[in-house]
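The values are calculated or read from the model by the stated rules, or taken from the named source; none is laboratory data. Keep in mind that what you see is a predicted model, and the values were worked out from it rather than measured. So basically every Cβ, Gly included, is an ideal-geometry build from the backbone, and we count neighbours across all protein chains shown.
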């Protein structure tokens, strides 16, 4: 199982950066997890996006889905020209209704709703979903194959369910949008770097990658705060590729 970070910022990117998007590959199967602004461009440096097997959207905030609205034009053309034989499978929570109803577009996508407790099989990947604590429905996910286990927090506040979902994962890709100063101001909807590390430690994960960086934060501060609870914590960066294997 190979994970490539395409974008790792939110709720907006810095100059030259991209919002959330992660390419997951094993054998001949490629799936995209989230598709924020700038992700389609970065994706094409890795693979032909027209050969994706599925896209999984953790939630329907713009920094996680905006390039879905652009990719559809290329997919429709690929379908009409016979490059793709069927629409691309797109999975997303159906909340809010207004955003979910915008996802279908001609022959670009086959849109299917997902929810907490669902299990999804895409090629070699088995995916389980658990609801986080966010302004809208946001689904953390545990992705398993014969080679390893990835857990992705999506956007969420701290919750015990995330510890259970991440238990013994080979790689925990966890949002860390906040720092200690932000929690002191009672900001909602996201984890701090320290909280992400606390979850990783409690869950006994093998490796922690911090993502969903705020573009105005000093990331070395985030890394230092996480290191108090999980000394091996790492920062996601665009272009980072990780081979995920059972240890």
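Brief remarks follow.
- Condition check for residue 26: in contact with a strand residue (DSSP E or B) (Cβ under 9 Å, 6 or more places away or on another chain), surrounded by fewer than 17 Cβ atoms within 10 Å (Cβ to Cβ) and closer than 25 Å to residue 123 by Cα: no
- Any hit, the stretch 201-219, residues being within 16 Å of residue 129 (Cα to Cα), touching a helix residue (DSSP H, G or I) at 6+ places or on another chain (Cβ under 9 Å) and outside any strand (DSSP E or B): no
- The stretch 95-110, residues that are assigned to a loop (DSSP other than H, G, I, E, B) and crowded, with 18+ Cβ neighbours inside 10 Å: 103, 108
- Residue match in the stretch 45-65 (condition: surrounded by fewer than 18 Cβ atoms within 10 Å (Cβ to Cβ), out of contact with any helix residue (DSSP H, G or I) (no Cβ under 8 Å at 6 or more places or on another chain), within 29 Å of residue 147 (Cβ to Cβ) and free of Cβ contacts under 8 Å to residues at least 12 places away in the same chain): yes
- The residues in the stretch 111-139 that are surrounded by 14 or more Cβ atoms within 10 Å (Cβ to Cβ) and on the phi > 0 side of the Ramachandran plot can be counted, and the count is 1.
- Qualifying residue in the stretch 74-94 (condition: in a helix (DSSP H, G or I) and under 27 Å from residue 149 (Cβ atoms)): no
- In the condition set (1) in a strand (DSSP E or B); (2) surrounded by fewer than 22 Cβ atoms within 10 Å (Cβ to Cβ), residue 182 is compliant with all but (1).
- Single residue of 150, 120 found to be closer than 19 Å to residue 4 by Cβ and either at pLDDT below 95 or touching a strand residue (DSSP E or B) at 6+ places or on another chain (Cβ under 9 Å) (or both): 150
- Matching option when the condition is surrounded by 13 or more Cβ atoms within 10 Å (Cβ to Cβ), at pLDDT 95 or above and farther than 13 Å from residue 172 by Cβ, among 233, 224: 224
- Within the stretch 140-163, the set of residues being assigned to a helix (DSSP H, G or I) and either crowded, with 22+ Cβ neighbours inside 10 Å or touching a residue at least 24 places away in the same chain (Cβ under 8 Å) (or both) comprises 161, 162, 163.
- Residue 176 surrounded by 18 or more Cβ atoms within 10 Å (Cβ to Cβ) and over 26 Å from residue 28 (Cβ atoms): yes
- Residue that is over 22 Å from residue 135 (Cβ atoms) and buried (at least 17 other Cβ atoms within 10 Å of the Cβ), where the choices are 77, 1: 1
- All conditions but one from (1) touching a residue at least 60 places away in the same chain (Cβ under 8 Å); (2) within 25 Å of residue 171 (Cβ to Cβ); (3) outside any helix (DSSP H, G or I); (4) in contact with a strand residue (DSSP E or B) (Cβ under 8 Å, 6 or more places away or on another chain) apply to residue 14; the one that does not is (4).
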